[in-house]
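The values are calculated or read from the model by the stated rules, or taken from the named source; none is laboratory data. Here the structure is a predicted model, which is why all the values come from computation and not from measurement. Cβ atoms come from the backbone with ideal geometry, glycine included; neighbour counts cover every protein chain shown.
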Amino acid sequence: MRRIAVTSPSFSRHPLLRDELLARFPGARLRDDEERLDGDRLRTYLAGCDGAVIGLETVNAALLDTLPNLRIVAKYGVGLDNIDQAACAACDVAVGWTPGINAQSVAELTLCFMLGLMHNTFFTSTQLRAGQWVKRGGKQLSGKTVGVIGVGHTGQALIRLLSPFGCRVLANDIADRNAFCAATGVIATTKERIFSEADILSLHVPLTPDTHHLINASTLSRMRPGTFIINTARGPVVDEEALKSALEGGHIGGAALDVFAEEPPRDRALIEHPRLVATPHIGGNADEAILAMGRSAIEHLERFFRGGTAA
């Protein structure tokens, strides 16, 4: 019998995913708590397992060296920045991964942030709960200039959602997205142009050495006064100290963060800032996305143990 462990609480508590996993891998290890596993706790939890469903936990050489039985990690989600693929290859551990599996969920939350920031929904709601009647309705999203950095699965899903709003969309990606941009009326351009012209900047890049602190004091200073920034990608893409300073100084109109450099974030001054909207990494966690991500992970496990490949 294959020994499987699931590190993700949202997978573990979903009744359909629990049933579907246990039907295929009886005795699979599931979690009932919310705390993210790391270090010795993660090693202990995965000890003796042949396969693991990994969410945001770090899988590296130090971990793999302590898990000689592990043969595959199946990603529950899309980003692979927490999984050292070279270390997995060196340890002969397969990686099962389906890109873009939760793109629509993340794109819809991003659109929600855009509408809420533009229409002042989040901020006036907070003021009303505090007893303040402030009738400032913001601006329409329609016709505004939206900058999208990262035009992969999620960036493309967002751009499609923006179509009815008639926005001028500026996009940048290190890959060639010219065909998509031409087909959707998007202007493929430089990051510098996006920084200087966008009313709203939305980030959809993976976390790499090149994207770490892509948004920093220098790039923030080049943005138009009142720009809104949205990050639903990875926390370290934004220098949170620089963003906090830009919010406090009034140069940035507001920001929405679903991801943070440290999760949960401990910087109360940041997450309680009156012009910041903060959510606890829920972008890819719509129920439909949870099912899709979980079923994808199960399929990768099944495929691997049936035929020796996670692809």
>> Give all pairs with beta carbons closer than 7 Å in which a residue from the stretch 134-154 that is at positive phi meets a residue that is part of a loop (DSSP other than H, G, I, E, B); count only pairs at least 6 apart in sequence or on separate chains.
In response: Gly138/His119; Gly138/Asn120; Gly143/Gly166; Gly143/Cys167; Gly150/Asp173; Gly150/His204; Gly150/Val205; Gly150/Ala233
>> Looking only at the stretch 83-98, filter to residues that are over 20 Å from Asn285 (Cβ atoms) and surrounded by 16 or more Cβ atoms within 10 Å (Cβ to Cβ); which one of those is farthest from the chain's Cα centre (by Cα)?
In response: Cys91
> Which one of these does Gly131 not meet: (1) farther than 28 Å from Asn285 by Cα; (2) of a type outside the set (S, T, N, Q); (3) part of a helix (DSSP H, G or I)?
Replying inline: (3)
> So which residues in the stretch 162-193 are free of Cβ contacts under 8 Å to residues at least 24 places away in the same chain and part of a helix (DSSP H, G or I), if there are any at all?
Replying inline: Ser163, Pro164, Asn178, Ala179, Ala182, Ala183, Arg193
> In the stretch 261-292, which residues are among the small types (Gly, Ala, Ser), under 24 Å from Thr121 (Cβ atoms) and not in a helix (DSSP H, G or I)?
Replying inline: Ala278, Gly283, Gly284, Ala286
> In the list Gly137, Gly143, which residue meets the criterion of being exposed (fewer than 15 other Cβ atoms within 10 Å of the Cβ), in contact with a strand residue (DSSP E or B) (Cβ under 8 Å, 6 or more places away or on another chain) and either within 30 Å of Arg168 (Cα to Cα) or not acidic (Asp, Glu) (or both)?
Replying inline: Gly143
>> When you check Arg24 against the structure, is it buried (at least 16 other Cβ atoms within 10 Å of the Cβ) and out of contact with any Leu (no Cβ under 7 Å at 6 or more places or on another chain), yes or no?
In response: no
> What about Leu80, is it in the same structural domain as Ala28 (by TED's automatic domain parsing) and surrounded by fewer than 21 Cβ atoms within 10 Å (Cβ to Cβ)?
Replying inline: yes
> Which one is nearest to Arg168 (Cα to Cα), of the residues in the stretch 99-123 that are crowded, with 18+ Cβ neighbours inside 10 Å and hydroxyl-bearing (Ser, Thr, Tyr)?
Replying inline: Thr110
> Within the stretch 246-260, how many residues are in contact with a helix residue (DSSP H, G or I) (Cβ under 9 Å, 6 or more places away or on another chain) and either assigned to a loop (DSSP other than H, G, I, E, B) or among the aromatic types (Phe, Trp, Tyr) (or both)?
Replying inline: 4
>> List the helices (runs of 4 or more DSSP H) inside the stretch 4-105, counting only whole elements, that have at least 1 residues being closer than 16 Å to Leu291 by Cα.
In response: 9-12, 15-24
